[in-house]
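K.L.:
I have a structure here, written as structure tokens, and I will follow up with some questions on it.
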Amino acid sequence: MGSCEPFPDEAMRPDLPAGKQSLVSAVRPLISDFLDTINYAPPQTPDKGALRALMLEYAATSGVPYKGDRHARQCFVTGLSVASDMYPSHPLDVQLHIGIFTWLGFLIDDTNKSIASDIAQFQSRFYASQPQPSLLLEHFAQTLRNTYTYYDPVVANFIVLSALAFVNANALETRREFQELAPLKAGVNWPYYFRDKEGLPEVYAYFIFPRGLYPDIGSFLQAIPDMGRFINLTNDILSFYKEEVAGETKNYINSRAKYESKTAMAAMEEVVTENRQAYMRATNVLAGKEPYARAWHEYVMGYVAMHIMNERYMFADIELGERFRSN
């Protein structure tokens, strides 16, 4: 575990409004505790040059937007960063696969309302080997099929199933029935069920282990459930501050709070605890199993760094300290 000094509640930012100061005071120790749990240290920034060139070459011939507007550029850059920063030891062709998948996935997620009918039929067309009605969805379908080139067939099956669940969750999100759901106490497990379907946790957990480098699937299978939970909850934890500042409530922590009749901050505290436990279980499963444990560690450091170093998550407000800054 790390040995950083704690962040006292009274260490306020005098330039922040009182409401933000109170939120910072509550969130800072939770984030600090989480980072201590994983013994976070900013990883070295990998050279993205070769991967960027390959992704640009693919994108330029795909017909899928990647540079025409700010949103398209950001989705492309996110795909590049995920592949290079979270999977730094993967072969370039595997990184390219992950980068393309992530770029296309973000485009689907962000445009689901305008392509709702198309994504609702995505699975049926995919299973029937029928063409998809747009270049975006056709390239995503082909990317799923390409997964079998890089991963054990059983692992690739899990990746594809998780990706199909993600597309279906995006279709569901546009439906009136979903949008009008009223939280019922007996439906308390619904928020995480949906979070798990739309979060791609199995995809990114299994992406850690391409068969060329990690052929023994028995070394990591038992860690996958908690790796997936960590992937989901880490994003929720590290997004919490910016979403609270923006008044965003359509997220897992706020949904859970509503179903459990508690405050969002109380739910956040529980999520941090649960995430710590998930991380430790996954790490213990992989303990002593190299290079599998190292691959998990690289993923965790890269995944967290992508949040910490990204201005959109507003960690400058929280002032986590020098030890969390990039090398």
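K.L.:
Kindly indicate whether residue 259 is among the hydroxyl-bearing types (Ser, Thr, Tyr), touching a Lys or Arg at 6+ places or on another chain (Cβ under 9 Å) and within 27 Å of residue 170 (Cα to Cα). Before you say what the answer is, go through the steps one by one.
P.N.:
Numbers: among the hydroxyl-bearing types (Ser, Thr, Tyr): yes; touching a Lys or Arg at 6+ places or on another chain (Cβ under 9 Å): yes; within 27 Å of residue 170 (Cα to Cα): yes.
The answer is yes for residue 259.
K.L.:
To continue, here is another question. In the range 152-197, which residue that is touching a residue at least 12 places away in the same chain (Cβ under 8 Å) and acidic (Asp, Glu) is farthest from residue 106 (Cα to Cα)?
P.N.:
152
K.L.:
Scan the range 274-301 and report the pairs whose first residue is in contact (Cβ under 8 Å) with a residue 24 or more places away in the chain and whose second residue is assigned to a helix (DSSP H, G or I) and of a type in the set (Lys, Arg), with Cβ atoms within less than 6 Å and a gap of 6+ or a chain change.
P.N.:
Final answer for the pair search is 278/229.
K.L.:
Further question: Search the range 198-224 for residues that are modelled with pLDDT of 95 or more and pair each with any residue that is assigned to a loop (DSSP other than H, G, I, E, B) and surrounded by fewer than 23 Cβ atoms within 10 Å (Cβ to Cβ) when their beta-carbon atoms are under 6 Å apart and the residues are at least 6 apart or on different chains.
P.N.:
That search, which allows pairs on different chains as well, returns 211/152; 217/152; 219/289.
K.L.:
State which residue pairs qualify: first residue more than 10 Å from residue 191 (Cα to Cα) and modelled with pLDDT of 95 or more and inside the range 254-268, second residue basic (Lys, Arg) and buried (at least 20 other Cβ atoms within 10 Å of the Cβ) in any location, beta carbons under 6 Å apart, and separation of 6 or more residues or different chains.
P.N.:
Between residues of the range 254-268 that are more than 10 Å from residue 191 (Cα to Cα) and modelled with pLDDT of 95 or more and residues that are basic (Lys, Arg) and buried (at least 20 other Cβ atoms within 10 Å of the Cβ), the close pairs are 267/256.
K.L.:
Pick out the one residue from 1, 12 that is closer than 20 Å to residue 233 by Cβ, at pLDDT below 90 and among the hydrophobic types (A, V, I, L, M, F, W, C). Spell out how you get there, then give the answer.
P.N.:
Details: 12 fails: closer than 20 Å to residue 233 by Cβ.
Answer to the selection: 1.
K.L.:
Also, quick follow-up: State all residues of the range 81-95 that are in a helix (DSSP H, G or I) and surrounded by fewer than 23 Cβ atoms within 10 Å (Cβ to Cβ); if no residue qualifies, say none.
P.N.:
We begin by selecting, within the range 81-95, every residue in a helix (DSSP H, G or I); these are 81-86, 92-95.
Answer for the range 81-95, where residues must be in a helix (DSSP H, G or I) and surrounded by fewer than 23 Cβ atoms within 10 Å (Cβ to Cβ): 81, 85, 92, 93, 94.
The values are calculated or read from the model by the stated rules, or taken from the named source; none is laboratory data. Since this is a predicted model, take the numbers as computed values, not measurements. Glycine gets a Cβ as well: all are built from the backbone with ideal geometry, and neighbour counts include every protein chain shown.
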